[in-house]
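The values are calculated or read from the model by the stated rules, or taken from the named source; none is laboratory data. Please read all numbers here as calculations on a predicted model, not as lab measurements. Note: ideal-geometry Cβ built from the backbone for every residue, glycine included; neighbour counts use all protein chains shown.
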Amino acid sequence: MTTIENRDFSITVLGRTLEHLGTQMYKRRDVAIAELVANAWDAGAQNVHLSIPLKSDYNQASSKVIVKDDGQGMSPDEVQDNYLVIGRNRRSAGQEPPGSRRPMGRKGVGKLAGFGLGTRMDVLTATQNAATSLALNGADLTERGGKTKRLELPGTVTLLDEDASTTGTTITLSTLKHKTPPDIAGLHQSLSRRFSRTVLGEMKIFINEEPLQPFEVTFTKRDPAVGEDTATLECGNSVTWWAGFSDKVLSAEMQGFTILVNGKTAQAPAFFFNVEATASGQHGTKYLTGVIEADYLDNGTDDESDLVSTDRQDLDWDSEATESLMKWGQAQTRKLLRERLEDGERQAVATAESDPDLAGRLARLDPTSRKQANKFIMTLGRTDANPERVRELAGTIVRAFEYRQFHDYIEELEKVSEDPASLTEAIGYLSGWRVLESRAVLEVIKGRLGIVDKFFDMIIKDSPETASSKSDDNMHDLLARYPWLINPDWQVLSEEKTITNQLKEWNAEFVPEADRSRYDFLALEGNGETIIIEIKRAGHAVNMEDLMQLEKYVYKLEGAREKIRGVFITADRYAVSERIIDRWNERADMELLTWSTVQKRTSSHYQHYAAVLNSDIDEDSFDRKKKEVSQTRQVLSTSTRRTPEERRSGVGPSDIEFLEPALESLYDSLNQETSIVGISDTSNETISDASLGTS
């Protein structure tokens with residue numbers, strides 16, 4: 001190659017430049033790069049190579065962004081007369097892209113997009129005969145941008161060898177403006193969204209030598225299923241389009257429609273034709289993506305017919321040409337969102353109906369309740385919950401109606417109690433309600449087992465005795481909420497009441513006026529004995545003063561009660577001698593307990609119901625309960641006489657709690673066809689895993 005001359009070029013800045021350019025027009029990197037890629041399309045390029053600095057190498061001062069195409073390039077005269085005239089309308093000037101391509105450029109300012117990335121732009125463009133290079137400084141342009149001004153730009157023209165066949169243009173951007181490195185993955189996504197499939201099929205784009213990666217979406221629904229569809233607008237013009245819903249929330253860049261005109265973005269996403277705040281199923285906008293190609297909007301050549309904003313982010317929606325597109329787009333967007341909503345509702349109902357337990361429970365509801373429950377279940381389909389979550393939430397909905405119906409059912413029995421025929425019919429539904437009653441009680445037990453686990457965890461973690469800013473948990477508040485943790489057989493009556501107020505409440509003969517000392521808890525044991533309870537956190541070492549404090553409470557209150565006893569609960573840590581501890585353990589009016597003893601006792605009290613909750617038919621306690629329920633039925637329906645085998649087995653269990661009537665209902669409903677008359681012995685029946693699952 002031989003340099004044949006040094007040539008001074010000049011740039012002509014017309015008065016409309018600032019109108020098109022704007023100070024923020026190319027603030028986004030992807031928007032600026034898309035403009036430079038569009039210029040490559042108009043130059044007839046088959047390939048565009050983008051060199052983007054990596055995150056690990058990025059430096060504002062030294063890094064460069066390079067856009068290189070293999071288009072037809074520009075001669076020195078074309079550089080001067082076309083490229084360097086800012087604001088020149090290439091269409092009205094009769095300049096068309098090579099071949100049959102429709103031009104993307106129109107305003108003559110896309111070349112300035114590079115200044116959105118860096119303050120210096122070096123241009124190297126080659127035809128088959130010559131290569132032209134020059135440099136532009138963005139600061140020089142903006143200083144004189146408001147007037148028509150010729151700015152001298154030094155450049156070179158190099159004569160190419162006769163056999164040279166490489167043509168194209170390379171734009172090198174330096175002294176970069178952004179402090180943060182580019183998001184290369186995001187650039188792949190953005191560029192694939194900003195150009196039509198036709199453009200991307202005809203012109204290949206590479207980022208750091210990697211082919212442009214189109215965005216991948218797994219659709220739950222797409223319209224049409226493949227390809228594009230065509231719609232005719234009221235104005236008579238046609239658009240091609242497709243839209244679909246992703247299986248997960250999309251990024252903002254991917255949400256909504258992008259409208260392409262002549263293969264390039266004219267309305268950037270996320271765009272929903274302004275219906276996203278009012279459309280049914282508007283939650284679905286996070287999953288909706290689509291493309292509309294409306295080439296008719298840019299068929300003109302004059303400035304007045306130009307409906308696309310300079311940065312190609314927005315269309316002019318106030319024009320007559322876009323009115324019919326807006327009307328069609330709003331209707332189409334509403335339709336898509338509504339259909340997705342209806343699909344979700346149907347799927348939620350189908351999920352509930354496919355579950356045998358849920359379907360059976362729904363069928364047992366009265367028609368009005370069943371209709372209401374199904375309506376709520378349909379609403380679950382609007383939440384994008386997965387099927388498992390839908391089943392869980394649907395179960396909660398049905399349970400709410402079941403519990404409400406249980407109470408309503410009792411009222412209905414009262415209404416028909418004087419009509420034998422109506423009463424018999426109503427009682428026919430009782431088996432279902434007995435299951436519901438049992439389920440309700442078992443839910444309570446399930447919760448109590450969870451609280452026992454929480455209790456154990458707090459003991460291990462040495463949670464404070466009372467509320468503290470250092471911890472969200474404390475033993476006193478937990479026991480106040482769930483006093484049965486102390487002892488399921490005790491009735492806890494009150495907490496932190498002063499001695500004076502307690503004696504007044506008991507109408508004691510002698511009541512001191514100024515005794516403000518407070519016990520922790522007051523309980524009543526089954527034999528009528530009153531118990532004063534003092535607690536200390538697990539990490540506390542009990543001293544003599546602690547023990548004497550409890551003793552004082554007992555002495556002060558025993559005058560108003562015949563049976564009164566003190567209970568001290570702490571860890572097995574004492575700052576007193578073993579001899580003193582032994583003495584206290586020997587006292588009839590005092591009891592020293594550890595947290596581990598309390599926790600084990602309470603856990604044991606409720607743990608035998610876990611087998612029922614977990615449907616563990618092999619668990620010994622489960623089998624024991626089953627036999628006990630069967631035995632109870634026999635005693636109630638026949639006599640108390642035991643069989644010889646029962647006599648040989650010894651005495652029966654002595655821990656019949658308040659839950660046994662409910663468990664009886666549960667087993668009765670799970671193991672046989674229940675009738676209100678005549679409860680038969682089912683001790684030899686097998687309880688299946690499937691039936692237990694309904695609990």
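Odds and ends about this structure:
- Of all residues in region 221-264, those satisfying the criterion of being among the charged types (D, E, K, R) and outside any strand (DSSP E or B) are Glu228, Glu234, Asp247, Lys248, Glu253.
- In region 470-529, the residues that are of a type in the set (Asp, Glu) and more than 16 Å from Ile459 (Cα to Cα): Asp489, Glu495, Glu496, Glu505, Glu509, Glu513, Asp515, Asp520, Glu525, Glu529
- Considered as a group, the residues in region 258-295 that are crowded, with 18+ Cβ neighbours inside 10 Å, more than 30 Å from the chain's Cα centre (by Cα) and not aliphatic (A, V, I, L, M) include one that is nearest to Ser238 (Cα to Cα), and that residue is Glu293.
- Flag: Phe510 matches the condition of being modelled with pLDDT under 90 and either buried (at least 19 other Cβ atoms within 10 Å of the Cβ) or of a type in the set (A, V, I, L, M, F, W, C) (or both).
- Against the numbered list (1) at pLDDT 85 or above; (2) assigned to a strand (DSSP E or B); (3) crowded, with 17+ Cβ neighbours inside 10 Å; (4) not small (Gly, Ala, Ser), Leu153 comes up short only at (1).
- Search result, residues across region 438-470 that are of a type in the set (Asp, Glu) and modelled with pLDDT under 80: Glu443
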